Each structure stands twice: as C-alpha cells, then as structure tokens.
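Here the structure comes first, spelled out in structure tokens, and everything after it is commentary.
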Amino acid sequence: MSTPTPDYFPGYAVPPGMYSVAPVRRTSHARVLLIWFGAIAVIAVALVAVTMLISKPPIRYACPPDCGRPPTGKPVETNPRFTAPDGAFSVSYPATGTAYKITTKPNGVTADLQAGDGGTLQLFSEPATNRSPEQIAKSLISRTFPDARTAYKIPNTMVGYQPGYGEAADCWPQGANSSYMKMRLIVMVAVKNDLALVAAAVGPFRPFGPDFGSGKPSGANLQIALDMGKYVNSFSWRGDPPR
C-alpha cells in the first residue's frame, strides 16, 4: 500500500528531506521602473508621430512680395462699389451724402472733398503696357504737375493687396490771387494682368501733428489722405477673391 501524500492529509507531518520548494524569483525595483519608463517612452513617441501626421505646418509668408491674402469670408461693405464696364477691376468709393462730390468715368471714380482743406481723390485704372508701377506713377505726376518735386517714396506700397509703388510729391501752383500755395500729391500704383490700378490724392499741404491728423507721426501731411487708406486696398482685379 502506497504512502498517502501530505497534500491530502493536513495534519500529517512531513518528514524532513521528503521534498523541497523552489525559491520564489522576485523582480528588482530597478527592472520594474525600467519597464514602465520604456512603455511610457514608446507611447509618447507614438503620440508625437500621430500628431505630426495629422497636423499641418503653419503657412509662412515673406511680405512683401508674398503677403498672403485677406480673409475669405463674405465681405461687409458700407460704401458703394464701382465696377469697370468690362469687369477688369472694381473699387469702393465714398457714399453719396458724405462730404464728397462723386464723379464716375469708365475707368474709375473721382471724389472731391467738400469740407476741411478740400482736395481730390482719384481711384482709376489705365493700361500698364509693360511699364512698372514706378514708371506709371512718375508719368502720372509729370503729366499732371510737371513742376512737382518728389518728397519721399512710400515704403512697402500695397494697392489692392498687390505690391506696387508709391510716391509723395510737392508742388506750388499759383492761385487766383497770384499767391503760391504748397500742394501735396500722393500716388500709389500696382500692376496685375497688365492693368495698372491707381489711387491718387492731391490737396493743400498741412503738417500732421498732435492737433491735426490722427495724432500719430505721419509724413502724409494731406487731410484727404486720412480717408484714402480705406479705398486703396478695396481695389480688386478680375478674378481676385472677395475682400
């Protein structure tokens, strides 16, 4: 008869040396920490890789010449808009009932300021005929005021969000009472599709200072120039996005 095993008889005393239990293997704390850090590193690398795959890099512009584009939402217009008969360009201009007298022609708009210092603002187009914006601006100045002298060139000129050329010039026309008055002329031109779009303003020279103008330093020195900016970049060529 075989001897019963101790497993079935709890009270049975096991003789010494009858069997031995293998020692329990324990993992060191350092090994556990190493495994945890390794798992966390793998998960972090995976998350970074997924983020790089699904995210798009930001668009970077070097302005000028690449100045991006204006917002593409539906524009809100508070001023009327002139569109050339052939649809080659369009531009906003002062609304009826403001301090301007408006005259339109097939190639643009003329707005005569009826208050303050007065002055004239012209927003129009003319064929570029392979000329640069600077050549067109200087040609316009010499045709209109042959004796005008360049005061300064306008840096980073933009017309209709298109890089162009701008210049401020001074002239001294003789008035009806034989006196001479200093006049300031500002011309800004940009060319696209061989069509030049021009914003030009002329009026009495008045130095800007704390008591006149926007209160900020400015070389415009022309009252009508305070209202000119909102129309310069309202220009758009055929095919341009809404702005």
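Brief remarks on what is shown
- Just so you know, in segment 154-186 the residues that are under 28 Å from S132 (Cα atoms) and aromatic (F, W, Y) include one that is modelled with the highest pLDDT, and it is Y165.
- Within segment 124-156, if we keep just the residues that are in contact with a Lys or Arg (Cβ under 9 Å, 6 or more places away or on another chain) and open to solvent by 60 Å² or more (accessible area, probe 1.4 Å), the residue that is nearest to Y231 (Cα to Cα) turns out to be E134.
- Check on P65, in a loop (DSSP other than H, G, I, E, B), at pLDDT 80 or above, under 27 Å from E126 (Cα atoms) and open to solvent by 80 Å² or more (accessible area, probe 1.4 Å): no
- Every residue from segment 91-112 that is surrounded by fewer than 18 Cβ atoms within 10 Å (Cβ to Cβ) and part of a strand (DSSP E or B): K101, I102, T103, T104, K105, T110, D112
- Output for segment 200-243, where each listed residue is touching a strand residue (DSSP E or B) at 6+ places or on another chain (Cβ under 6 Å) and among the hydroxyl-bearing types (S, T, Y): Y231, S234, S236
- Identity of the residue in segment 233-243, closer than 24 Å to Y100 by Cα and either open to solvent by 20 Å² or more (accessible area, probe 1.4 Å) or part of a helix (DSSP H, G or I) (or both), that ends up modelled with the highest pLDDT: N233
Let's see how each residue does on (1) in a strand (DSSP E or B); (2) within 18 Å of S92 (Cα to Cα); (3) touching a residue at least 60 places away in the same chain (Cβ under 8 Å):
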position: L185; (1), (2), (3): yes, no, no
position: M188; (1), (2), (3): yes, yes, no
position: V198; (1), (2), (3): yes, yes, yes
position: A201; (1), (2), (3): yes, yes, yes
position: P204; (1), (2), (3): yes, no, yes
position: P207; (1), (2), (3): no, no, no
position: G215; (1), (2), (3): no, no, no
position: A220; (1), (2), (3): no, no, no
position: L226; (1), (2), (3): no, yes, no
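- Residues that are open to solvent by 30 Å² or more (accessible area, probe 1.4 Å) and modelled with pLDDT of 90 or more, drawn from segment 205-232: F205, Q223
- Some residue of segment 113-123 being open to solvent by 70 Å² or more (accessible area, probe 1.4 Å) and under 16 Å from A200 (Cα atoms): yes
- In segment 46-61, the residues that are of a type outside the set (S, T, N, Q) and open to solvent by less than 100 Å² (accessible area, probe 1.4 Å): A46, V48, A49, V50, P58
The values are calculated or read from the model by the stated rules, or taken from the named source; none is laboratory data. Keep in mind that this is a model prediction, so the values were computed, not measured. Cβ: placed from backbone, ideal geometry, glycine included. Neighbour counts: every protein chain shown. What goes into the accessible areas is simple: the full protein's heavy atoms, side chains included, and nothing from ligands, DNA or RNA. Shrake-Rupley method; radii C 1.70, N 1.55, O 1.52, S 1.80 Å.
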